[in-house]
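The values are calculated or read from the model by the stated rules, or taken from the named source; none is laboratory data. No experiment lies behind these values; they were computed from the predicted model shown. FYI the Cβ positions are ideal-geometry reconstructions off the backbone, even for glycines, and counts take in every protein chain you see. Only protein heavy atoms, including side chains, enter the accessible area calculation; ligands, DNA and RNA are left aside. Shrake-Rupley method; radii C 1.70, N 1.55, O 1.52, S 1.80 Å.
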Amino acid sequence: VQLQASGGGLVQAGGSLTLSCAASGSTGSIRATSWYRQFPGKQRAMIAAISSGGNTAYADSVKGRFTITRDNAKNTVYLQMNNLKPEDTAVYYCYAQANTFTSWGQGTLVTVSS
């Protein structure tokens, strides 16, 4: 499975962005897709996840502001980010898990100005 992440950019605090993660290849084998983010000098940390059945989970830091959804017809997972804060500035990655493999998308930079 190949993942293509997009949608990052520069936004003012309080604004919104939507990230997209488009999957190609053996997409039917994906069990869950997650969004991670990485701050400079830190490890990647999961912030949102959605299972193939539609169950979702969020990190406390984004709960109530970010929403993860999926469009199965387009093999795409979205991360709607609202009320963005300067501390949300990071590189965002999508990640897919299947029974026999995992896959990372390339990062997309989100910069939130104060």
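Restricting attention to the range 5-23 and to residues that are among the polar types (S, T, N, Q) and within 11 Å of the chain's Cα centre (by Cα), the residue that is surrounded by the fewest Cβ atoms within 10 Å (Cβ to Cβ) turns out to be T18. Among the residues of the range 24-35, none qualifies, meaning not one is among the aromatic types (F, W, Y), outside any strand (DSSP E or B) and either surrounded by 13 or more Cβ atoms within 10 Å (Cβ to Cβ) or in contact (Cβ under 8 Å) with a residue 40 or more places away in the chain (or both). The number of residues in the range 73-114 being polar (S, T, N, Q) and in a strand (DSSP E or B) comes to 8.
If you go through the range 59-77 and keep only what is open to solvent by less than 60 Å² (accessible area, probe 1.4 Å) and either within 25 Å of G41 (Cβ to Cβ) or touching a residue at least 60 places away in the same chain (Cβ under 8 Å) (or both), you end up with A59, V62, R65, F66. So which residues in the range 41-72 are within 16 Å of K85 (Cα to Cα) and part of a loop (DSSP other than H, G, I, E, B), if there are any at all? Within the range 41-72, A59, D60, S61, V62, K63, G64, R65 meet the criteria.
If you filter the range 81-97 down to residues that are open to solvent by less than 20 Å² (accessible area, probe 1.4 Å) and among the aliphatic types (A, V, I, L, M), you find that the one that is farthest from K63 (Cα to Cα) is A96.
Among the residues making up the range 42-57, those that are at pLDDT 95 or above and open to solvent by 60 Å² or more (accessible area, probe 1.4 Å) are K42, Q43, R44, M46, N55, T56.
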